[in-house]
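Right, one structure below, let's go through it.
The values are calculated or read from the model by the stated rules, or taken from the named source; none is laboratory data. Here the structure is a predicted model, which is why all the values come from computation and not from measurement. Cβ placement follows ideal geometry from the backbone for every residue including glycine, while neighbour counts extend to all protein chains displayed. Side chains included, ligands, DNA and RNA excluded: accessible areas come from the protein's heavy atoms. Shrake-Rupley method; radii C 1.70, N 1.55, O 1.52, S 1.80 Å.
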Amino acid sequence: MELITTVFIAKAIIVGVVFAITLGVAAYSTYFERKIAAFMQDRIGPDRAGPFGILQPLADAVKMFMKEDFIPANSNKWLFIAGPCLSMLTALMTSAVVPFGDSVTIGGATFDLQGIDVNIGILWVFGIVSLGVYGIMIGGWASNNKFALLGAIRAASQNISYELAMGMAIITILMITGSLSTKEIVEVQQNGHWNIFYQPLGFIIFIICAFAECNRTPFDLPECETELIGGYHTEYSSMKLGFYLFAEYINMFISGAVMATLYFGGYDYPGVDFVTQQFGSNVASFVGVGALIGKSLGFVFVFMWVRWTIPRFRYDQLMNLGWTGLIPLAMYNVVVTGFGILVGKPFMVSIAGLVLLIAALFVYDQLLVKKKIA
Amino acid sequence: MEAFAYVAAFLIAGILFLAFILTLAKWIRPNRPNVEKLSTYESGEAPMGNANIRFNPRFYLIALMFVLFEIELIFLFPWASVFHHPDLEKASPVWSSYALVEMFIFIGILALGLALAWVKGYLNWEKPIAPSLPNDSPIPDQAYQKIRDKYVSK
């Protein structure tokens, strides 16, 4: 009984810590988003609140709390509140299965540095991400505003289209590891056997889909200011708007963490054995946590970088990319991976597949595309 | 089962967190509504008609196709976790090849369905048609023909 209580308290602490990490990183992502944008546009960025503007997220939070909140008279009140809450909740729930680190031993008890080690880990992430559509859809519909409705429909359509290619990219990872548990997926990749080497094409598909699922530029058509005012959150103000915006940053961090878990070895880092020998396994685990968070932040930086590099797509381009670009590519990737595992040389076959694909695209380009122009 | 109790714990913690934030915000923010503030925002104009407007039916087509492909995807998940499983491999040495060929047929049908939808034009989003501007220029249209021929023929 006592052991169960200890384990439960430990789990409660881990739940709290996972939430705190996610929310803290998301809060500071808003600051770094503005700083990085400023750097790329040769500006200074926020610098008034505290040294280097470091208290800016706090000031933003206070503003969100203090602003008056409207619920439009024509809206469906409960759904209007449920929308952003659902968005935020789904964003938070995905963090539960991310394995932040290996296990640590404190006072004779061993704890996994992971919210929950369910055996269907990656399926859980996939399911919760698809639920995220509802948050936007409900919010946009309940606002009873034309622009919000259009934004919500765009978001739903975009998310479901990119989910298919994303699912197929995940399936190739499952074929390699043979397990749905995120922990096992990471353990297979220890000592530098990262999936990125076996799945370069899968990773490209996955990162594009992650951009689309997070509604980030160049796929931010649901909140496209030039066409739809604010998109699905046109009618929102105060903390509910804050939830929507915050959910986007949490999703960015979590998708970075998931990409690190699936393709970049999770909490693996060069020299694990050396650190374990020198300082013990606990220190090695905590360095691993740092490695995972570092990798995720690297991906968050890529998200921000792309935002100021690539302009927004047109809607038909977005749909064409999803259905006629990424889904056939993902199918091809599944076939190539299956063949590679069967032959017993996954690395060679994946590289051969990539080379074959590029050659085919080049030939297609030479033969067909130029004729079409003429 | 135990793991799913923690899932519930996560869910409850999340809901409590959201409820706490929303209640706190409700306490400290001002609340002075009036008719203008509560009206629907439509770029500053008075809102017209019902907001549940008609939209492009292609969104429904996309949703239908998504359901089809998602179900096929769900069949792929269990397959991926037993494909190349060591125990099954031991039981029959041809297991992996058998599973792979089977799945090639399955993905083939999936790809065929996608190709059909593609050829039939269900994936074509309506592209904006650029309006042809009236030619008011004093230069006759034939004058450009030479330039067009030069570049188009290449």
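Data for the structure
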item: Shielding of B:37-45 by partner chains, average beta-carbon count, 10 Å; result: 5
item: Å² per residue, accessible surface of chain B at 1.4 Å; result: 74
item: Net charge of neighbours whose Cβ lies under 13 Å from the Cβ of A:Ser179, counting Lys and Arg as +1 and Asp and Glu as -1; result: -2
item: By average C-beta atoms within 10 angstrom, highest first, the peptides A:25-33, B:55-63, A:179-187; result: A:179-187, A:25-33, B:55-63
item: Amide hydrogen neighbours beyond the local backbone of A:Ser103, cut-off 5 Å, H modeled; result: A:Leu113
item: Karplus-derived HN-Hα couplings along the range A:210-221 (A = 6.51, B = -1.76, C = 1.60, θ = phi - 60°), whole Hz, x at Gly and Pro; result: 5, 4, 5, 5, 7, 6, 9, 4, x, 10, 8, 5
item: Chain A - mean residue ellipticity at 222 nm from DSSP helices (-39,500 (n - 2.57) per run, n ≥ 4, rounded to 500); result: -23000 deg cm²/dmol
item: Vicinal HN-Hα couplings computed from phi for the range A:79-92 (Karplus, 6.51 cos²θ - 1.76 cosθ + 1.60; Hz; Gly/Pro x); result: 5, 4, 7, 5, x, x, 5, 5, 4, 5, 5, 5, 5, 6
item: Cβ crowding within 10 Å averaged over residues, with A:126-136, A:345-355 ranked highest first; result: A:126-136, A:345-355
item: Rounded percent of accessible protein surface that carbon and sulfur make up, chain A, 1.4 Å probe; result: 71
item: Selection from B:Phe83, B:Phe106, B:Val67 lying farthest towards where the dipole of the range B:8-119 points positive, charges on Cβ; result: B:Val67
item: Surface accessible to a 1.4 Å probe, A:Phe211 within the full protein complex, Å²; result: 20
item: Under the Karplus curve 6.51 cos²θ - 1.76 cosθ + 1.60, θ = phi - 60°, whole-Hz ³J(HN,Hα) for the range A:284-298, x wherever Gly or Pro sits; result: 4, 5, 5, 4, x, 4, x, 5, 5, 5, x, 5, 4, 5, x
item: Between A and B, accessible area buried - total, square angstrom, nearest 100, 1.4 angstrom probe; result: 6500
item: Check: chain A dipole with +1 on Lys, Arg Cβ and -1 on Asp, Glu Cβ, in debye; result: 840
